[in-house]
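Trainee: A single structure is presented below for examination.
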Amino acid sequence: MEPYGSCLAHLAEAERDAYLGTLGHGSDVDHSGTVFDGDLLRRLLIAVTDPSSGRPKFGTARFSWCTFYDSTPFESIQFDGDARFISSHFHERSNFSRSIFNGVAEFSRAHFEDDCQFTSAEFHRDAVFASSRIKGNAHFSHARFDDTAAFQEVTFESAANFKHSEFKSRSTFNQATVRGRGKFHEAKFWRSTDFTGSKFSLPTSFVKSTFHSHAVFESASFSDVIFQWVTFHGEANFRRTKLGKGMFSQSCFLSNAHFGYAHFEGASYFTETSFVKSVSFRASKFDSHAHFVRTKFEEAAHFGPVLCGGSLILNGASFSKAVIIEIAARTVSFRQTHWASTGLLRVRYADVDMSHAVFSSSIILSSSFEPFITGEATVLNDSSLTGDPAARVTSLRGVDAGNLLLNDVDLTGCHFGGAMHLDQLRLEGECKFGQAPTGIRVNSWRITRWSPRRVVLEEQMWRAARPRSHGWVSGSTPNTHNSPAALSAVYRQLRKSLEDSKNEPDAADFYYGEMEMRRNDHTRPRPERLLLSLYWLVSGYGLRAGRALAWLAISMITTLTALILWGIPGQAPATISHGTFNGKSFTETTQNVKISHPSGPLLDRVSIKRSEQALRIVVNSVVFRSSGQHLTTTGAYIEMASRLVEPVLLGLAVLAIRSRLKR
């Protein structure tokens with residue numbers, strides 16, 4: 001109650017002095033509604049000051065609806081009872097630093113026009129600042145809250161400084177608004193803390209803070225926020241949180257972490273973060289790059305579905321349990337990731353880099369052609385990403401592919417060099433590879449036409465770097481590892497992989513690539529390369545039936561022409577027999593007339609009869625049979641050559657057809 005039934009500011013001087021004289025160290029006061037200037041407040045504080053310690057102390061203090069026009073020096077004051085400043089108005093700087101509140105401290109709906117200082121203040125009972133408004137900087141650094149700290153719906157027009165503060169009981173900042181910088185460096189939250197719906201307009205820092213119980217940031221909004229080196233002992237709830245740049249590097253989540261439907265508008269960093277329990281990023285959206293470098297997922301069973309407008313980088317991350325990952329992004333990097341258990345990676349739109357990843361168990365990388373289901377009967381809206389939704393693998397360098405299965409992925413731009421156990425790589429669905437250039441290429445006097453086949457990127461790079469690339473184009477920079485010797489090993493292993501899966505027709509393309517690299521490998525013996533060149537020329541390594549049939553036709557026509565002109569005799573050979581009678585005996589002598597070589601002009605030797613004879617000889621030679629006809633010496637050699645060459649060409653054509661039709 002006000003003394004003398006009147007406001008302390010309106011008492012006569014004598015009455016005011018008489019009242020102040022009744023006060024002592026630890027007195028209860030009630031000055032609700034009083035208007036204080038600096039002089040009046042100082043006189044009141046002197047009245048409750050202990051002369052020996054020089055420290056003011058109130059019992060129960062009621063200053064609700066008060067107005068303080070000058071600075072309020074409540075520094076180092078002790079309140080043994082409740083301290084009520086409900087709806088009070090502080091026009092100048094207010095200083096409660098190192099004050100001790102043994103009772104309830106209530107500043108609900110208080111209005112601070114300037115800075116307010118609660119540095120190193122101690123709140124042993126509830127501290128209530130609900131719906132208050134602080135236009136200046138709010139300083140709560142090193143403050144100690146032993147009971148509930150209520151800052152719900154508080155408006156911080158400038159900075160809110162809670163560095164090194166300690167919250168031993170429940171703290172609430174839900175629906176709070178911080179328009180300046182938020183500083184929670186090394187703060188300790190021993191019980192649950194609630195930032196639901198709070199808004200931070202400028203960068204906010206929780207560096208090295210510790211949350212020993214539940215931390216709720218659901219539907220909060222941050223411009224930029226730093227949770228670096230933070231430890232979450234209880235559940236961390238960031239559902240539907242909106243963040244600008246989010247920094248969670250080197251933090252540790254010892255319980256479940258929830259980031260479902262969170263929206264990261266700037267780059268986000270979870271570098272070297274540890275998720276000891278489950279973590280959820282269901283339907284989270286990253287507008288820019290998301291970094292999970294060397295992040296540890298110890299019990300994560302499901303990551304995503306996640307939408308990333310930039311690069312999702314999981315380099316060096318480790319997954320200890322079986323996990324399903326669903327990502328729609330422009331780029332995904334799994335470089336040097338470690339998978340201790342099975343994993344299913346479903347990817348849309350992204351270029352995927354899996355260089356030097358370690359697979360301890362089976363890993364499936366698959367394209368997802370349908371949008372991801374978020375779990376609430378809705379789909380993840382990834383319309384911001386355009387193009388072919390198939391995942392494009394860009395690198396398998398250094399990967400042990402023995403436990404890897406690729407399904408419906410694009411391998412057109414994939415680097416295979418340095419991968420191990422490619423022969424055990426499993427390719428399912430429609431896995432696309434690069435194609436050799438099509439059409440006829442004319443370069444000076446050279447006319448080139450490449451056989452249509454599937455090729456790996458390294459061959460494209462190698463051929464594009466040669467002086468006469470003839471249509472080979474590669475968007476990557478050539479490197480020294482793209483040697484024919486290395487590429488032949490890559491093709492050989494990929495061929496075996498397809499053969500083991502009973503895909504003989506597609507394996508034929510990789511066999512062709514293997515032989516091409518062997519033929520162009522200058523470290524191999526020259527006779528071997530010449531033999532391979534001949535094999536390539538006549539039949540495309542036993543894979544080009546058209547080429548073998550063309551050479552067969554040329555061989556048959558050549559043989560046919562040579563036989564007509566030089567192989568068939570000019571006259572049919574005849575046998576002349578004659579004999580004599582000598583008494584009762586008859587003696588017969590048989591003489592073979594020597595085969596005559598054809599003579600006269602070459603064109604005169606061409607006739608229907610000779611052509612028909614030559615055709616029978618050629619057809620018999622193709623099936624490795626002798627015609628039985630009389631030939632000139634030249635014709636005999638021609639027939640022997642044709643019986644050697646033409647069946648081989650026919651066999652190569654049959655082999656090529658079989659390789660394309662074999663099941």
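Trainee: I need the full set of residues from the stretch 74-90 which are in contact with a His (Cβ under 9 Å, 6 or more places away or on another chain) and outside any strand (DSSP E or B), in order please.
Mentor: Selection gives Ser87, Ser88.
Trainee: If you don't mind, there's one more thing I want to ask. Could you check the stretch 403-429 and list, in sequence order, the residues that are out of contact with any Phe, Trp or Tyr (no Cβ under 7 Å at 6 or more places or on another chain), part of a loop (DSSP other than H, G, I, E, B) and of a type outside the set (Gly, Ala, Ser)?
Mentor: Those that are out of contact with any Phe, Trp or Tyr (no Cβ under 7 Å at 6 or more places or on another chain), part of a loop (DSSP other than H, G, I, E, B) and of a type outside the set (Gly, Ala, Ser): Asp408, Val409, Cys414, Phe416, His421, Leu425.
Trainee: Here is a follow-up. Suppose we filter Arg16, Arg43 for residues that are outside any loop (DSSP other than H, G, I, E, B), open to solvent by less than 30 Å² (accessible area, probe 1.4 Å), charged (D, E, K, R) and at pLDDT below 95; which single one remains?
Mentor: Arg16
Trainee: Follow-up question, since we're still on this one. Residues that are of a type in the set (Phe, Trp, Tyr) and either at pLDDT 80 or above or surrounded by 12 or more Cβ atoms within 10 Å (Cβ to Cβ) (or both), at least 1 per element: which helices (runs of 4 or more DSSP H) completely within the stretch 521-640 meet that?
Mentor: 526-539, 545-562
Trainee: Here's something else I'd like to know. Report yes if some residue within the stretch 104-111 is farther than 19 Å from Arg133 by Cβ, in contact with a strand residue (DSSP E or B) (Cβ under 8 Å, 6 or more places away or on another chain), without any contact (Cβ under 8 Å) to a residue 40 or more places away in the chain and buried (at least 19 other Cβ atoms within 10 Å of the Cβ); otherwise report no.
Mentor: Yes: the stretch 104-111 contains one or more residues that are farther than 19 Å from Arg133 by Cβ, in contact with a strand residue (DSSP E or B) (Cβ under 8 Å, 6 or more places away or on another chain), without any contact (Cβ under 8 Å) to a residue 40 or more places away in the chain and buried (at least 19 other Cβ atoms within 10 Å of the Cβ).
Trainee: Moving on. Output the qualifying pairs, or none if there are none: Cβ atoms under 8 angstrom, residues six or more apart or on different chains, first residue in the stretch 321-348 and in contact (Cβ under 8 Å) with a residue 12 or more places away in the chain and open to solvent by 10 Å² or more (accessible area, probe 1.4 Å), second residue of a type in the set (Lys, Arg) and in a loop (DSSP other than H, G, I, E, B).
Mentor: Note: pairs meeting the criteria are Ala340/Lys321; Ser341/Lys321.
Trainee: So in the stretch 355-389, with the set limited to residues that are aliphatic (A, V, I, L, M) and either modelled with pLDDT of 95 or more or open to solvent by 20 Å² or more (accessible area, probe 1.4 Å) (or both), which one is farthest from Leu314 (Cα to Cα)?
Mentor: Result: Ala377.
Trainee: In this structure, is Ser158 of a type in the set (Ser, Thr, Tyr), in contact (Cβ under 8 Å) with a residue 12 or more places away in the chain, in contact with a Gly (Cβ under 8 Å, 6 or more places away or on another chain) and assigned to a loop (DSSP other than H, G, I, E, B)?
Mentor: yes
Trainee: What residue, of Ser255, Ser205, Ser223, is within 16 Å of Phe184 (Cα to Cα) and modelled with pLDDT of 95 or more?
Mentor: None of the other options fit; the residue is Ser205.
Trainee: Closer than 20 Å to Asp82 by Cβ, of a type outside the set (Phe, Trp, Tyr) and loosely packed, with under 13 Cβ neighbours inside 10 Å: which single residue out of Gly54, Gly24 fits that description?
Mentor: On inspection, the qualifying residue turns out to be Gly24.
Trainee: Let me ask you something else. Can Gly33 be described as open to solvent by 10 Å² or more (accessible area, probe 1.4 Å) and touching a Cys at 6+ places or on another chain (Cβ under 7 Å)?
Mentor: yes
The values are calculated or read from the model by the stated rules, or taken from the named source; none is laboratory data. Keep in mind it's a predicted model, so treat the numbers as computed, not measured. Cβ coordinates were reconstructed from backbone atoms using ideal geometry, including for glycine residues, and neighbour counts include every protein chain displayed. The accessibility values were calculated without ligands, DNA or RNA, using every heavy atom of the protein model including side chains. Shrake-Rupley method; radii C 1.70, N 1.55, O 1.52, S 1.80 Å.
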